[in-house]
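Take a look at the structure set out below.
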Protein chains: 2
Amino acid sequence: MSFKLDTPIDMHLHLREGKLLKDVLQWSAEQFAAGVIMPNLVPPVDNMDRLRKYRKEILENLKEKQFTPLMTLFLRHYSYRELEEAKGEIFSIKLYPKGITTNSEKGVSSIEEFYPVFEIMEELEIPLSVHGETNGFVLDREREFAPIYIQLAERFPKLKIIMEHISTKELAELVRDYPNLYATVTLHHLLFTLDDLAGGRLNPHFFCKPILKTPVDRAVLQRLVREGHPRVMFGSDSAPHILRDKLKGAAGVFSAPVALPLLAHFFDGDWKGLQRFISDNARRNFNLQIPEKEVEILEIPWEVPHIVGEVIPLLAGERLRFRVRGIG
Amino acid sequence: MSFKLDTPIDMHLHLREGKLLKDVLQWSAEQFAAGVIMPNLVPPVDNMDRLRKYRKEILENLKEKQFTPLMTLFLRHYSYRELEEAKGEIFSIKLYPKGITTNSEKGVSSIEEFYPVFEIMEELEIPLSVHGETNGFVLDREREFAPIYIQLAERFPKLKIIMEHISTKELAELVRDYPNLYATVTLHHLLFTLDDLAGGRLNPHFFCKPILKTPVDRAVLQRLVREGHPRVMFGSDSAPHILRDKLKGAAGVFSAPVALPLLAHFFDGDWKGLQRFISDNARRNFNLQIPEKEVEILEIPWEVPHIVGEVIPLLAGERLRFRVRGIG
């Protein structure tokens, strides 16, 4: 059994820089036609010079040439002129609350302070990507952020706001309420819970922000994705850290190698549903013009590599039911 | 400033065997007059021959001679005759649900199956210590176990049932409802939450079973301990694992070195409250005849050792406000 996906897109991807980028890039480039590349490097990608150099570094390291990096800027107080210049070259601007995830120390502590930037973005039709968590108790951070999403959605009705990596029942419900709220869902929040991180032995390869949640949260996310909500899209949030850093507690799940095989398992025959989630919704919602690319999924068992460079992938060494043609 | 504790007792303690025992023992023996020693070794302590050898090993390794190990047996289908023989030499019998924590693979899967043993224990006045967790979702395991505590408390009204290391609001409330339900509270569940394990970087030294819970659970536990409920006692559940095993995900917090200093910090002047929690409640509830021992706490800053043998203690390297005279 096999089927073909048309132009799969990863709407939330961390590629890092330097050696790490070289090690992980091919796993995304071979499975996807495009990826929205997160800007939380050190220093952050917050000007066009840095962004162009970063895009160049990605393109130069591509072996699979047919992959489009959709670049993002790290939110700061951009001027109209800066964003006018950026518009054609960026997909979105990413808001990180201060100190909430990897390299977010330069993030936002007051949302109103950025209203002038959001007004410019609304006018220039630049989407806003949001890591929506407060600094509260780890299990409550995302639901505590919901009022801020509502505030933004109501105050900027023409701004397209992407709630990144939603992980709770509350946000899965919120996405239905506002036509300008969009959501990405990761593989790990769709398939796993806190039990996978800490139910048996502690497994740091399931540690990420937002943290994995409860079986109820997961069930609601699964329903949202299965029903094919038009504003819900796949974003892996694949976030590689070298093993040494993971053992020091770094947050991030490196899911890129297993993304399509596990999504095929989840959709299990509903290939139209997978096509919507992995590509059609994103292309329609943001009018993305990505060169077409066909990716074939085979129902042939595949063993996940034990390590990629110095990074342990999600489900390392396990045998999966599906594989991507030509990979691994 | 200094004050003296009379005969402090740790009502829940893992001392392990061999080299690990040698490395960790002094930290408990120097701070406490006695400790209830858990039987989850490999193989478990489930017969008097094994128990006597284990007690002998503990006593032989004591540098501080004034420490009484209160031994426990791992629950299995004991006969009347066996328990009659054991009675004078054990404090309690410990029930582990199957597979729920370190070395609990030989634990219990059906509670009714052990009613005949509980009847004998009730008659012989041997307390039952319980690790009260189901095999459910990690955050729900303890509250899901509450009906089993109620079932046991009602079916065996003269059996003293100790709910070990309670970590949730629900069990903190349950202890008030039945005169034959007792509870131990650990240092880590009293002071920390899931945020300490996973709110920032992942910190395996805060990983234990039951898992650390929410700020609400902690607040209710703190109220219970502060009000000095007569059936609530200190049990550290200090559970050393060598660093190599911790990095492989082993569950357990090695809190013995910081037990009294941190409890002094928590009670902060209410030394009568601390005395009740650390000793008086336990001695009265179980009529413990422990040789008296005075332990002096000094308000002099103390730095927690970075490592004890091959084990990282709780708050390793941090500076605490209190210390125990003659230690560290």
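The values are calculated or read from the model by the stated rules, or taken from the named source; none is laboratory data. It should be emphasised that the depicted structure is a prediction, and the values quoted were computed from it without experimental measurement. Heads up, the Cβs are rebuilt from the backbone with ideal geometry, glycines too, and the neighbour counts pull from every protein chain shown. Ligands, DNA and RNA are excluded from the accessible area calculation, which covers all protein heavy atoms including side chains. Shrake-Rupley method; radii C 1.70, N 1.55, O 1.52, S 1.80 Å.
Which condition breaks for residue B:255 when tested against (1) without any contact (Cβ under 8 Å) to a residue 60 or more places away in the chain; (2) away from chain A (no Cβ under 14 Å)?
Unmet condition: (1).
Take segment A:248-272 and flag every residue that is among the hydrophobic types (A, V, I, L, M, F, W, C) and in a loop (DSSP other than H, G, I, E, B). Please lay out each step first, then the result.
Taking segment A:248-272 and keeping what is among the hydrophobic types (A, V, I, L, M, F, W, C), we get A:250-251, A:253-254, A:256, A:258-260, A:262-264, A:266-267, A:271.
If the condition is that a residue be among the hydrophobic types (A, V, I, L, M, F, W, C) and in a loop (DSSP other than H, G, I, E, B), then A:250, A:251, A:253, A:254 are the ones that fit.
Could you go through segment A:221-229 and let me know if any residue there is crowded, with 22+ Cβ neighbours inside 10 Å and within 14 Å of another protein chain (Cβ to nearest Cβ).
no
Run residue B:238 past the list (1) within 11 Å of chain A (Cβ to nearest Cβ); (2) under 20 Å from residue B:103 (Cα atoms); (3) surrounded by 20 or more Cβ atoms within 10 Å (Cβ to Cβ) and report the number of the one that doesn't hold.
(1)
Looking only at helices (runs of 4 or more DSSP H) that lie completely in segment B:1-112, which have at least 1 residues being among the small types (Gly, Ala, Ser) and under 19 Å from residue B:326 (Cα atoms)? Lay out the reasoning, then the answer.
Values: elements: B:18-31, B:48-61, B:80-86.
Helices (runs of 4 or more DSSP H) meeting the threshold: B:18-31.
Looking only at segment A:113-133, filter to residues that are in a loop (DSSP other than H, G, I, E, B) and of a type in the set (D, E, K, R); which one of those is farthest from the other protein chains (Cβ to nearest Cβ)?
Taking segment A:113-133 and keeping what is in a loop (DSSP other than H, G, I, E, B), we get A:125-127, A:131-133.
Remaining after also requiring of a type in the set (D, E, K, R): A:125, A:133.
Values: A:125: 36, A:133: 11 Å.
Per the criteria, the residue is A:125.
If a residue must be farther than 20 Å from residue A:137 by Cβ and either modelled with pLDDT under 95 or more than 7 Å from chain B (Cβ to nearest Cβ) (or both), how many such residues does segment A:197-219 contain?
As a first pass, look at segment A:197-219 and keep what is farther than 20 Å from residue A:137 by Cβ: A:200-201, A:203-205, A:219.
From the residues that got through so far, the ones that are either modelled with pLDDT under 95 or more than 7 Å from chain B (Cβ to nearest Cβ) (or both) too are A:200, A:205, A:219.
Count: 3.
So, in segment B:160-190, exactly how many residues are charged (D, E, K, R), crowded, with 20+ Cβ neighbours inside 10 Å and either under 19 Å from residue B:280 (Cβ atoms) or free of Cβ contacts under 8 Å to residues at least 40 places away in the same chain (or both)?
1
Which of the residues belonging to segment A:92-146 are open to solvent by 30 Å² or more (accessible area, probe 1.4 Å) and under 16 Å from residue A:182 (Cβ atoms)?
Result: A:122, A:125.
Since residue B:180 meets every condition but one in (1) at pLDDT below 95; (2) in contact with a helix residue (DSSP H, G or I) (Cβ under 9 Å, 6 or more places away or on another chain), which condition does it not meet?
So residue B:180 meets the others, but not (1).
Looking at this structure, is residue B:264 in contact with a Phe, Trp or Tyr (Cβ under 8 Å, 6 or more places away or on another chain), more than 14 Å from every other protein chain (Cβ to nearest Cβ) and more than 27 Å from residue B:159 (Cβ to Cβ)? Break it down into steps so the answer makes sense when it comes.
Working: in contact with a Phe, Trp or Tyr (Cβ under 8 Å, 6 or more places away or on another chain): yes; more than 14 Å from every other protein chain (Cβ to nearest Cβ): yes; more than 27 Å from residue B:159 (Cβ to Cβ): yes.
Yes; evaluated as a whole, the condition is true for this residue.
Just to be sure before I move on: is residue B:247 open to solvent by 10 Å² or more (accessible area, probe 1.4 Å), aliphatic (A, V, I, L, M) and within 14 Å of chain A (Cβ to nearest Cβ) in the structure I sent? I'd like the intermediate steps shown before the answer.
Numbers: open to solvent by 10 Å² or more (accessible area, probe 1.4 Å): yes; aliphatic (A, V, I, L, M): yes; within 14 Å of chain A (Cβ to nearest Cβ): yes.
When the stated conditions are applied, residue B:247 passes them.
For segment A:169-196, what are the residues that are more than 19 Å from residue B:201 (Cα to Cα) and within 14 Å of chain B (Cβ to nearest Cβ)? Break it down stepwise before answering.
So in segment A:169-196, the residues more than 19 Å from residue B:201 (Cα to Cα) come out as A:169-187, A:190-192.
Within segment A:169-196, just A:192 meets the criteria.
Give just the number: which of (1) within 22 Å of residue B:107 (Cα to Cα); (2) surrounded by fewer than 24 Cβ atoms within 10 Å (Cβ to Cβ) does residue B:157 not satisfy?
Every condition holds for residue B:157 apart from (1).
When residues of segment B:1-40 are filtered for being acidic (Asp, Glu) and within 16 Å of residue B:288 (Cα to Cα), how many remain?
Our first condition is that a residue be acidic (Asp, Glu); within segment B:1-40, this holds for B:6, B:10, B:17, B:23, B:30.
With within 16 Å of residue B:288 (Cα to Cα) added as a condition, the list becomes B:6, B:10.
So the count comes out to 2.
From the list A:60, A:64, A:84, A:30, which one is open to solvent by 10 Å² or more (accessible area, probe 1.4 Å), touching a residue at least 24 places away in the same chain (Cβ under 8 Å), over 20 Å from residue A:254 (Cα atoms) and not small (Gly, Ala, Ser)? Talk me through it step by step, then tell me what you get.
On the way: A:60 fails: touching a residue at least 24 places away in the same chain (Cβ under 8 Å); A:64 fails: over 20 Å from residue A:254 (Cα atoms); A:30 fails: over 20 Å from residue A:254 (Cα atoms).
Result of the check over A:60, A:64, A:84, A:30: A:84.
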